[in-house]
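Only one structure is covered here, and it is reproduced in the block below.
Throughout, read-outs are computed from the coordinates displayed, never taken from laboratory work. Only a predicted model underlies this, so the values are computations on that prediction, with no experimental measurement involved. Every residue, glycine as well, gets a Cβ built from its backbone with ideal geometry; the counts of neighbours run over all protein chains shown.
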Amino acid sequence: MDNSIDALFDDILGALLDDLPDETLDGILKDVLGETGLIPMAGAFPESAPQKPPIWRDLLFLLVRIASILLAFVLLFTFLFGIIRYQEPSMAPAIKDGDLVIFYRYTKSGYLPQDAIALKIDGKKQIRRVVAAAGDMVDITENGLVINGALQQEPGIYQITERYAEGVDFPLTVPEGQVFVLGDNRAGATDSRIYGCVRVKDTLGKVMTVIRRRSV
């Protein structure tokens, strides 16, 4: 008799379980196991581990970041800054042959004496130092450079400033919107003693820093 009841109970339970959706059955089992405390709910039915993104996505993200950084540098050194590899001795010892010179393009209206600036003369880029601005009177005598009647004492200049046989006539007054420039290495530098005053709008910008190339 007992065996018959057990068999009947098994048949009824089996039929009920067959009719229940899998999701409902999972929920019942979770509730039962959790309530009894036999198995912790988090461990009874562990969630599936999150899938790691494919490696190509990481590589693509890295490439996009590198490209963005490179683009930022290109834009900066196209519109805001400029760079010149200096290749002459006319600004020694402040700037030497082979140095990299970085200049800022948007300071043209505020050049002052002693500023080193980048300019382009006859298609060739130069670095020269401003010694006189608009309205200043420039003369070169046997004693050296004279600005507005005062003999200049120039730290870092180790040669006497002399006129060239073929060059501009002195004394001269710097016109409005122009500057008078000289090379720090006054012996033989091609500067305003040859080509005269330089229009500010034709200059490239003010030198910010110099990266010196060193032998190893």
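Computed quantities for the displayed model
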quantity	calculated
Dimensions (Å) - the stretch 49-158, Cα atoms, principal axes, largest first	86, 29, 28
Whole-Hz ³J(HN,Hα) from phi, Karplus 6.51 cos²θ - 1.76 cosθ + 1.60, for the stretch 168-181, glycine and proline x	6, 8, 10, x, 9, 10, 5, x, 4, x, 9, 9, 10, 10
Restricting the stretch 96-135 to chymotrypsin sites (Phe, Trp or Tyr not before Pro) in coil, as DSSP defines it, with at most 15 other Cβ within 10 Å	TYR106
